[in-house]
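To keep things clear, I will list the structure first and then write my remarks on it.
None of the figures in this text is laboratory data; all of them are computed from the coordinates on show. Since the structure is predicted, the reported quantities are computational estimates derived from the model, not experimental observations. All Cβ positions, glycine included, derive from the backbone under ideal geometry; neighbour counts span all protein chains shown.
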């Protein structure tokens with residue numbers, strides 16, 4: 001496994017792979033890998049001749065009061081997981097390498113970036129779209145894999161790729177959960193044992209809404225109220241947003257259907273967690 005920190009070296013490696021007719025599968029991450037990331041890597045390994053993993057905690061997608069400095073990092077552990085999953089190249093540039101002095105260009109996806117996390121974290125998705133575009137230009141992948149836990153991010157990247165005619169297939173992968181139902185996230189490391197129990201309210205709220213939908217409830221307001229009451233019964237939980245929206249457009253809905261997305265962000269203590277479900281998905 002080759003570890004590369006230079007953009008020029010990564011571009012040269014990608015060029016050599018392309019010239020040799022090798023297809024590149026790519027998994028962009030911010031590191032502190034867990035089983036969710038590993039599932040992306042294993043799928044990428046099965047689909048590409050070469051598998052590239054990027055590890056980069058992207059400063060331009062963090063707000064001024066967010067957790068950039070304390071975001072968990074463990075490059076040695078990440079590389080161990082990468083080796084187990086058959087990664088060929090780990091690209092781990094510095095912020096100075098990615099954003100040298102004078103850098104001033106941004107990629108912005110308009111409407112899809114406005115609601116949900118976009119409303120709570122202004123500028124976040126501009127940072128995501130910009131870094132992903134840069135990474136695509138550096139790594140030159142044929143396909144890139146993203147988890148569906150960040151549903152809005154995945155939708156924005158799909159829109160960006162289509163709008164900019166980027167020759168990359170975007171593969172969305174299912175949410176991977178702990179045995180107790182908590183969606184895997186690098187930020188779960190912040191949770192104390194008591195907070196982790198409160199964090200289970202996210203998946204329990206999803207399960208409640210899915211059960212009521214399966215039983216015939218279609219009124220969005222009633223479903224949201226039931227989920228909110230469940231979460232707010234936990235003393236450590238504060239709801240950032242809990243919404244039912246059209247999965248394709250992210251527009252609000254008054255009546256739900258199989259194409260309705262339930263998306264929520266909940267702050268447990270000081271840790272912000274997200275989760276979602278598509279009501280029509282089988283579980």
For this session: Before anything else, pin down the relative contact order of region 186-278: Cα pairs under 8 Å, at least 6 apart, normalised by residue count, whole percent.
Result: 29 percent
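Counting helices only, and only those DSSP H runs with n ≥ 4, report the 222 nm mean residue ellipticity of the chain as the sum of -39,500 (n - 2.57) divided by its residues, in deg cm²/dmol to the nearest 500. Don't skip to the answer; put the middle values down first.
Details: 9 runs with 108 residues, N = 283.
Only helices count here, giving -12000 deg cm²/dmol.
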Problem set entry | Whole-number D in µm²/s for region 186-278 (Stokes-Einstein; Kirkwood sum over Cα pairs; 25 °C, 0.890 mPa s) | 183 µm²/s
Problem set entry | Residue with peak Gaussian network fluctuation, the chain [Cα springs, cutoff 10 Å], from 13, 233, 179 | 179
Exercise. Once both axes come from the Cα atoms, what is the angle between helix 124-139 and the longest principal axis of the chain, in degrees from 0 to 90, rounded to 10?
Worked result: 30 degrees
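Neighbour counts of other C-beta atoms within 10 Å: give me 282, 217 arranged from fewest to most.
The fewest-first ordering by Cβ neighbours comes to 282, 217.
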For this session: Compare 246, 194, 88 in a GNM of the chain, Cα atoms joined below 10 Å, and give the one with the largest fluctuation.
Result: 194
Problem set entry | Computed E for residue 215/residue 96 - FRET, C-beta separation, R0 51 angstrom, nearest 0.05 | 0.40
For this session: Using the 2.2 N^0.38 Å rule of thumb for compact globular proteins, work out how the chain stacks up: its C-alpha Rg over that value, please.
Result: 1.02
For this session: On a 0 to 90° scale, report how tilted helix 7-19 is relative to the longest principal axis of the chain, with both axes built from alpha carbons and the result rounded to the nearest 10.
Result: 80 degrees
For this session: Just report the Cα centroid separation between region 161-191 and region 1-68, whole Å.
Result: 14 Å
Problem set entry | On Cα atoms only, tilt of 75-84 relative to the major axis of the chain in degrees | 90 degrees
Problem set entry | Within a Gaussian network of the chain (alpha carbon springs, distance under 10 Å), most fluctuating of 106, 144, 96 | 96
